[in-house]
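K.L.:
Okay, here's the structure, questions in a sec.
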Amino acid sequence: AVAFCESVQPLEAVVSLMAQRLALAEDVARYKWNQKVEIEDSAREQMIITKLKAQAVAEGLPEAWSETFFKAQIAASKATQKQLFAEWQQHHAAAFEGVPDLNSQTRPKLYALMSELITALHQAWQPLQQPECQPVVDKLVREKLAKPGYKVAGEPLFAVH
Ligand SMILES: O=C(O)C(=O)C[C@]1(C(=O)O)C=C[C@@H](O)C=C1
């Protein structure tokens with residue numbers, strides 16, 4: 001008999017939050033393009049990861065896996081930003097108007113989404129471990145996450161034990 005994934009909703013919630021976070025990479029990139037600053041901010045990444053790891057462990061997620069997951073979301077954000085920069089460089093794009101402030105607007109959203117993700121991952125942990133749910137995760141990742149980041153962002157979801 002074919003086994004079906006019985007709890008799709010928690011998986012949808014996880015991928016939807018990942019998609020919302022990845023979509024914010026465009027606001028981040030526009031801000032950085034205007035300000036002519038580097039995409040990568042390693043010190044900030046380190047700070048975010050340390051804080052989130054503690055929160056993930058407190059909510060019952062495995063520490064090492066959580067770190068891998070957070071790093072993948074950040075890597076996907078950077079890949080998206082880099083692709084946008086490459087396009088804008090090619091087209092000699094001018095500064096963008098109406099870009100939300102990175103520190104006061106976009107970063108708080110990025111962090112809030114990571115916190116929501118921790119809770120959503122905890123709720124999705126069982127289906128994430130079930131082989132019959134992996135095709136569902138694969139479909140959600142392909143449909144909901146924008147290129148070029150989707151592969152990188154989604155990868156940890158296929159390595160839950
Ligand atoms: O906050 C930023 O400056 C971002 O670009 C966002 C982000 C992230 O995804 O959290 C991505 C790349 C940076 O190296 C640090 C953090």
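K.L.:
Sort through Leu22, Leu52, Leu11 and tell me the only one that's assigned to a helix (DSSP H, G or I), buried (at least 17 other Cβ atoms within 10 Å of the Cβ), among the hydrophobic types (A, V, I, L, M, F, W, C) and touching a Pro at 6+ places or on another chain (Cβ under 9 Å). First the steps, then the outcome.
P.N.:
Values: Leu22 fails: touching a Pro at 6+ places or on another chain (Cβ under 9 Å); Leu52 fails: touching a Pro at 6+ places or on another chain (Cβ under 9 Å).
None of the others qualify; the one that does is Leu11.
K.L.:
Condition check: closer than 22 Å to Lys147 by Cα and modelled with pLDDT of 95 or more. Does Glu12 satisfy that? Lay out the reasoning, then the answer.
P.N.:
On the way: closer than 22 Å to Lys147 by Cα: yes; modelled with pLDDT of 95 or more: yes.
For Glu12, the condition - closer than 22 Å to Lys147 by Cα and modelled with pLDDT of 95 or more - is met.
K.L.:
Only residues that are in contact with a Pro (Cβ under 6 Å, 6 or more places away or on another chain) and within 19 Å of His122 (Cβ to Cβ): list them for the stretch 61-95, please.
P.N.:
Going through the stretch 61-95, the residues in contact with a Pro (Cβ under 6 Å, 6 or more places away or on another chain) turn out to be 68-69, 72, 79, 83.
The answer is Thr68, Phe69, Ala72.
K.L.:
Report the residue count in the stretch 88-101 for those that are crowded, with 18+ Cβ neighbours inside 10 Å and part of a helix (DSSP H, G or I). Let's see the steps before the verdict.
P.N.:
So in the stretch 88-101, the residues crowded, with 18+ Cβ neighbours inside 10 Å come out as 99.
Filter once more, keeping what is part of a helix (DSSP H, G or I): none.
Matching residues across the stretch 88-101 total 0.
K.L.:
What residue, of Ser115, Ser104, is part of a helix (DSSP H, G or I), within 16 Å of the ligand (Cβ to nearest atom) and more than 19 Å from the chain's Cα centre (by Cα)? Before the answer, list the steps.
P.N.:
Numbers: Ser115 fails: more than 19 Å from the chain's Cα centre (by Cα).
Residue meeting the stated conditions: Ser104.
The values are calculated or read from the model by the stated rules, or taken from the named source; none is laboratory data. Small disclaimer: the values here were computed from a predicted structure and weren't measured. As a convention, Cβ positions derive from the backbone with ideal geometry for all residues, glycine included, and neighbour counts pool all protein chains shown.
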